[in-house]
Amino acid sequence: MKSPVFAYAAPNTVAEACSLLANDEDAKLLAGGQSLVPLLALRLAAPTTLVDLRLVPALTGITYDQGVLRLGAMTTHRAIERSPLVQDVAPAIAEAAALIAHPQVRTRGTIGGAVAHADAAAEWPAVLLALGGHVEVTGTTGSRSISASDLFMGPFMTSLEPDEVITSVSLPIDGREIWVDEHQRRHGDYGLSILAMTYQLSDGFLTDVRLAVAGATGSVTRAPEAEAALEGRAPADSSDAITALAAELSYTSDIHGSADYRRDITTTLFQRALRAAGERSGQA
Ligand SMILES: Cc1cc2nc3c(=O)[nH]c(=O)nc-3n(C[C@H](O)[C@H](O)[C@H](O)COP(=O)(O)OP(=O)(O)OC[C@H]3O[C@@H](n4cnc5c(N)ncnc54)[C@H](O)[C@@H]3O)c2cc1C
């Protein structure tokens with residue numbers, strides 16, 4: 001199928017992009033096009049205007065300052081995966097980028113697009129939630145910061161206003177341990193379960209645990225009961241948390257796998273994360 005007819009604009013500034021959105025309620029931003037273009041081709045989206053962000057220099061760049069890794073919204077998954085800075089300050093983030101699809105998709109798809117798209121099986125929303133990160137956004141009335149917990153409202157739903165552009169994604173890289181992995185049916189597929197976990201290790205005990213799951217549930221979600229069950233425990237003392245994670249989430253059933261299957265693989269991912277925590281604490 002061919003995409004519907006649309007007008008095309010390629011502004012040079014975020015302000016121009018915002019006013020194009022504000023002046024046409026059916027306009028849509030175009031970043032890497034790796035989610036939007038298939039939707040156009042399937043005629044599941046029919047924007048009147050595509051506002052292409054590729055010529056906006058303010059949306060690019062990776063910086064690390066005072067414990068915060070800031071990724072410009074138009075930074076591609078591949079650039080994050082290959083960035084020497086990211087590999088140095090947060091290797092788990094570079095590895096998480098490499099879990100996304102295939103190199104062809106990663107070379108065009110952007111972190112801003114993935115976060116705005118809020119696919120329930122996407123890696124970045126889980127990473128953002130587990131790290132307690134935030135996005136900077138700009139609209140016609142100004143800029144604001146939205147925490148990950150206030151951004152994701154459900155599958156393909158965010159709290160962005162129609163005229164707002166995500167300008168950057170900020171991840172706190174503050175000494176907490178980070179673990180991200182997923183189970184894919186075939187290499188490059190969307191994850192059937194994605195688990196991101198961050199924590200501190202203090203004398204071999206876990207504190208400040210944050211767990212986020214995607215792919216296995218209807219939308220990206222934290223797991224507060226499992227987090228609480230791990231607080232102050234050694235990684236090996238985790239049977240309550242494993243039981244909690246299996247019980248507290250509502251696992252999805254579809255043609256790719258049953259809810260029971262997704263619960264099982266999420267449990268396995270969690271056990272791997274805990275084993276890694278044990279190794280990091282020298283207890284494994
Ligand atoms: C074969 C294939 C496999 C894939 N596998 C995975 C996978 O395993 N994991 C995964 O996470 N993704 C996967 N994707 C999707 C890919 O990661 C996309 O890059 C991503 O979802 C969207 O980023 P994009 O830059 O391509 O955005 P686009 O497709 O251009 O836009 C997506 C949406 O975000 C909006 N948007 C874009 N940028 C901004 C911004 N700065 N501010 C506000 N709104 C914005 C657009 O208006 C649109 O609604 C896959 C895609 C393909 C084609």
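For the subset of region 1-60 comprising residues that are closer than 14 Å to G113 by Cα and of a type in the set (K, R), which member is nearest to the ligand (Cβ to nearest atom)?
This residue is K28.
So, restricting to strands (runs of 3 or more DSSP E) that lie completely within region 158-221, which ones have at least 3 residues that are acidic (D, E)?
177-183
Looking at region 245-262 only, could you name the residues that are buried (at least 18 other Cβ atoms within 10 Å of the Cβ), modelled with pLDDT of 95 or more and either farther than 14 Å from V209 by Cα or not aliphatic (A, V, I, L, M) (or both)?
Answer for region 245-262, where residues must be buried (at least 18 other Cβ atoms within 10 Å of the Cβ), modelled with pLDDT of 95 or more and either farther than 14 Å from V209 by Cα or not aliphatic (A, V, I, L, M) (or both): L249, Y251, T252, R262.
List pairs: first in region 171-186 and free of Cβ contacts under 8 Å to residues at least 60 places away in the same chain, second in a strand (DSSP E or B), Cβ under 7 Å, 6+ apart or cross-chain?
Filtered contacts from region 171-186: R176/T198; R176/Y199; R176/Q200; R176/D208.
Test of understanding: among T167, T158, T207, which residue is over 17 Å from I93 (Cβ atoms), within 16 Å of the ligand (Cβ to nearest atom) and more than 13 Å from the chain's Cα centre (by Cα)?
T167
For region 100-142, enumerate the residues that are within 11 Å of the ligand (Cβ to nearest atom), in contact with a His (Cβ under 9 Å, 6 or more places away or on another chain) and hydrophobic (A, V, I, L, M, F, W, C).
Matches in region 100-142: I100, A101, V105, I111, A114, W124.
Would you mind telling me which numbered condition in (1) surrounded by fewer than 14 Cβ atoms within 10 Å (Cβ to Cβ); (2) in contact with a Leu (Cβ under 9 Å, 6 or more places away or on another chain) A17 fails?
(1)
The values are calculated or read from the model by the stated rules, or taken from the named source; none is laboratory data. Bear in mind that the values here come from a model prediction, so they are computed numbers and not experimental data. Counting neighbours? That spans all protein chains shown, and the Cβs are built from the backbone with ideal geometry, glycine included.
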